[in-house]
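The values are calculated or read from the model by the stated rules, or taken from the named source; none is laboratory data. Just so we're clear, the structure is a prediction, and the values are computed from it rather than from any experiment. As a convention, Cβ positions derive from the backbone with ideal geometry for all residues, glycine included, and neighbour counts pool all protein chains shown.
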Amino acid sequence: MSIGFHPYAWTLWLAAGMTAALLTRNPFYLIILLLATGFVFAALKRRAEQDPAGSGTGPMAWDAVVRLALFVWGFTILFNALTVHVGEHILFTLPASWPIIGGPITLEAAIYGFITGLNFVTLILIFAIYGSALGAQTILRMIPGFAYQTGVAISIAISFVPQTLIAWSDIREAQRLRGHRVKGLRDFLPLFVSLLSYGLDRAIQLAESMDARGFGGRPLPATRRETWLIRGGAIAGLFLLLIGLAAKSYYRAASWPGLIMLAAGAALLGFSLWHSGRRTRRSRYRRWRWRPRDTALAAGSGLLLAAVILLTWFMPKALFYYPYPPYPLLPDFNPFLSLIFILPLLPALLLPPAAP
């Protein structure tokens, strides 16, 4: 069950946020995007604390993952600053005899590591919000029929880390109540044994539930015409995608024809995959309701997605930043453009109050 919004509205929010985080290198816009998504994550955590039965423990389970991403961010800044000795603004100099890290430590290298880590943390935080709001069961239900086996693997992978962290916390708490104190590496052995037994028990339960629900059942047989239609559509779609990418990359004058070929190829490939998924039998027991707040979230996410794609396609310098020479050290900033990166804040503003 999703928190507050329709699962498809959350999925569009995820696509818009991840696209903005991947295509933007300007640190000002990335910081705004990170603050907006961080506010949403805090709102989900507060909602889960107020309504544990309806919201689950998703945000708390992903909290450790977000802290790990922040640690990796700091390590990225340090690693890039110590290993890349390029730039005009020298902060200090290490002895040249030191391997790898010896030489000038520049401000440009530290800024580049900061931006790279900022991209990473923003992506992790966006995905943590998505996983917290929907859960593995809802994500599995949204997977198209042609990729249901891949969807099961993805849902298991998504739920593995949060569930393992929750189990680790519970085991630590139980051992602490029994008087167990961790003083060295050997004292971690009982924790790992309990965690391994929990993982094996959860795998057995998952296998039994999948078998009871008919996972792995054979799809409906396809006629010769349907087989040729699916294969022909997939081949033609991939060919058009290849031609469109080549036209966009190597022939700047053919930008619009390349865009049309990309759209046509994506449509053909999507049609063939959709037609292939119709032969997979699936059961649905409850329909999701689309509310006005879902429309508002979808509209804001669609606006962010379209704006970032159009800016990357037609005005790539608007979101581009590179701290090393000959580019300027200070990135450009457009206040009106920065308003677009506040749109991921919508779930926190539109989130309904918890049920009493």
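For Asp187, the conditions (1) at pLDDT 70 or above; (2) surrounded by 10 or more Cβ atoms within 10 Å (Cβ to Cβ); (3) over 25 Å from Leu140 (Cβ atoms) all hold with the exception of (1).
On the basis of being of a type outside the set (A, V, I, L, M), surrounded by fewer than 14 Cβ atoms within 10 Å (Cβ to Cβ), within 17 Å of Ile3 (Cβ to Cβ) and out of contact with any strand residue (DSSP E or B) (no Cβ under 7 Å at 6 or more places or on another chain), does Trp313 make the cut? Taking the combined requirement at face value, the residue does not satisfy it. Does region 72-81 contain any residue that is at pLDDT below 90 and of a type outside the set (D, E, K, R)? There is no residue in region 72-81 that is at pLDDT below 90 and of a type outside the set (D, E, K, R).
The residue list Tyr327, Tyr321 contains one member that is at negative phi, in contact (Cβ under 8 Å) with a residue 40 or more places away in the chain and not in a helix (DSSP H, G or I), which is Tyr321.
Looking at region 84-135, which of the residues that are part of a strand (DSSP E or B) and of a type in the set (Ser, Thr, Tyr) is nearest to Ala36 (Cα to Cα)? Even if it seems obvious, please write down each step before you answer.
Pass one, region 84-135, residues part of a strand (DSSP E or B): 90-94, 103-106.
In the following step, the residues that additionally are of a type in the set (Ser, Thr, Tyr) were identified as 93, 106.
Values: Thr93: 37, Thr106: 30 Å.
In this case the residue turns out to be Thr106.
For region 54-71, the count of residues that are at pLDDT below 90, in a helix (DSSP H, G or I), of a type in the set (Ser, Thr, Tyr) and surrounded by 21 or more Cβ atoms within 10 Å (Cβ to Cβ) is nonzero. Residues of region 272-295 that are surrounded by fewer than 16 Cβ atoms within 10 Å (Cβ to Cβ), at pLDDT 75 or above and either in contact with a Gly (Cβ under 8 Å, 6 or more places away or on another chain) or more than 20 Å from Pro144 (Cβ to Cβ) (or both): Arg289, Arg291, Pro292, Thr295. If you filter region 1-48 down to residues that are outside any helix (DSSP H, G or I) and within 22 Å of Thr116 (Cα to Cα), you find that the one that is farthest from the chain's Cα centre (by Cα) is Asn26.
Results for (1) farther than 30 Å from Trp13 by Cβ; (2) modelled with pLDDT of 75 or more; (3) buried (at least 16 other Cβ atoms within 10 Å of the Cβ), shown as yes or no for each residue.
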{"position": "Leu195", "(1), (2), (3)": "yes, yes, yes"}
{"position": "Arg218", "(1), (2), (3)": "yes, no, no"}
{"position": "Gly232", "(1), (2), (3)": "yes, yes, no"}
{"position": "Leu241", "(1), (2), (3)": "no, yes, yes"}
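Tell me, yes or no, whether region 321-343 has at least one residue that is within 22 Å of Ser132 (Cβ to Cβ), crowded, with 18+ Cβ neighbours inside 10 Å and modelled with pLDDT of 90 or more. Yes - at least one qualifying residue is present in region 321-343.
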